[in-house]
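Comments concern the structure below.
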Amino acid sequence: LPPELASASRRHVAQLLSKIFTTAVYPCRVFAASPLPRGFLPKLRKQKGKTALYPDEEAALLACTKVPLVNRVLYGFSAREGMRSSESLRMTWGDLDLSRGVVRLDRNKTDQPRSWALDPTTAEALRRWRKLSGGASTARVFPGVENNGHLAGTFRLHLQEAGVARSELYEDSDVRRPIRFHDLRGTFCSVALACDKTEAWVTARTGWRSSMQVAAYRRLAQQFSDVGAGWFVDMAVTIPELANNEVHGGPDGGPRRLAGHRRAS
């Protein structure tokens, strides 16, 4: 395995191998015993410090028109709704009931369908984004954004373009790792707990099944609460292209675009 792979990921691979060989022993009876020795599973290394965005930093990112519009809508949605990155990127307009402001995830990592009411400002931002992007029900909500292994670097680059300069967001050391796109889930959890949302409210959106996963963010949530970070800004107002929601159809009947702005690609 690549030496830079996180210890938790290395352990997950080892656990999968162990399960394969255990199954090969019984019921498949391919081997008399597993070839893996006792103590094969690697130990977890010391956990690094968790990183999350303050709501005002996230607001600066959403307002930065240097960053592609589709990315900003994705970042805002992820921070407010807590989905896994794979779930957000696979989501189609058919998974959303925007008239009622509800999202459903019938297919997800844990194979446990879940649904919930979106934050009202998120739902309104998505309504405007759909008008702008002209997506059919089978189209992806965030087209063109791929989970190609570079999302973390792209996310940090976009933060820097937005002028978010807090040094700990970019620190890469033995005690802290730089912020990643995945850390928007941690941002969601930290802000939600700081604003007195319940554990059940958080897990309904994240799909976490263990209280330990929520507890991991309580210290960060206390910090957010102590400094009065508050909840997120209104996406539909903070993203300039969505705030100016005058939409026109193309002269050739093509996709609609926002007046005064280029269509997001």
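Points worth noting:
- Solvent-free Debye calculation, one equal scatterer per alpha-carbon of segment 1-151: log10 I(q)/I(0) at 0.16, 0.19 Å⁻¹ equals -0.98, -1.18.
- Stretching the chain fully between K66 and K43 yields a gain of 4.0 nm (0.36 nm per residue, less the alpha carbon separation).
- Remark: spin-label model distance R166-K19 equals 3.6 nm, labels positioned 7 Å along the Cα→Cβ axis.
- Converting phi to 3J(HN,Hα) with the Karplus coefficients 6.51, -1.76 and 1.60 and the offset θ = phi - 60°, segment 179-187 yields 5, 10, 4, 4, 6, 5, 5, x, 4 Hz in sequence order, with x at every glycine or proline.
- Kirkwood Rh and Cα Rg combined as Rg/Rh, the chain: 1.03
- The calculated FRET efficiency for R209 paired with A243, based on their beta-carbon distance and R0 = 25 Å, is about 0.10.
- Approximating the spin labels as points 7 Å out from Cα along Cα→Cβ, the S99-to-T198 distance works out to 3.0 nm.
- Once the GluC sites (Glu not before Pro) in DSSP loops with at most 13 neighbouring Cβ atoms within 10 Å are cut out of the chain, the longest remaining piece is 5-145.
- Extension gain from T154 to V175, taking 0.36 nm per residue of separation minus the Cα-Cα distance: 5.3 nm
- HN-Hα J in Hz across segment 202-219 - Karplus 6.51, -1.76, 1.60, θ = phi - 60°, x for Gly and Pro: 5, 5, 4, 8, 7, x, 5, 10, 10, 5, 5, 5, 6, 4, 4, 10, 5, 5
- Three semi-axes describe the equivalent ellipsoid of segment 28-104; taken as square roots of 5 times the Cα gyration tensor eigenvalues and ordered largest first, they are 41, 22, 11 Å.
- Table column - 3J(HN,Hα) (Hz), segment 38-44, Karplus curve with 6.51, -1.76, 1.60, x for Gly and Pro: 4, x, 5, 5, x, 7, 6
- Three principal axis lengths of segment 158-226 [C-alpha, angstrom, descending]: 35, 24, 22
Coordinate-derived values only; no laboratory data. Only a predicted model underlies this, so the values are computations on that prediction, with no experimental measurement involved. Using ideal geometry, Cβ is built from the backbone for each residue, glycine included, and neighbour counts are taken over all protein chains shown.
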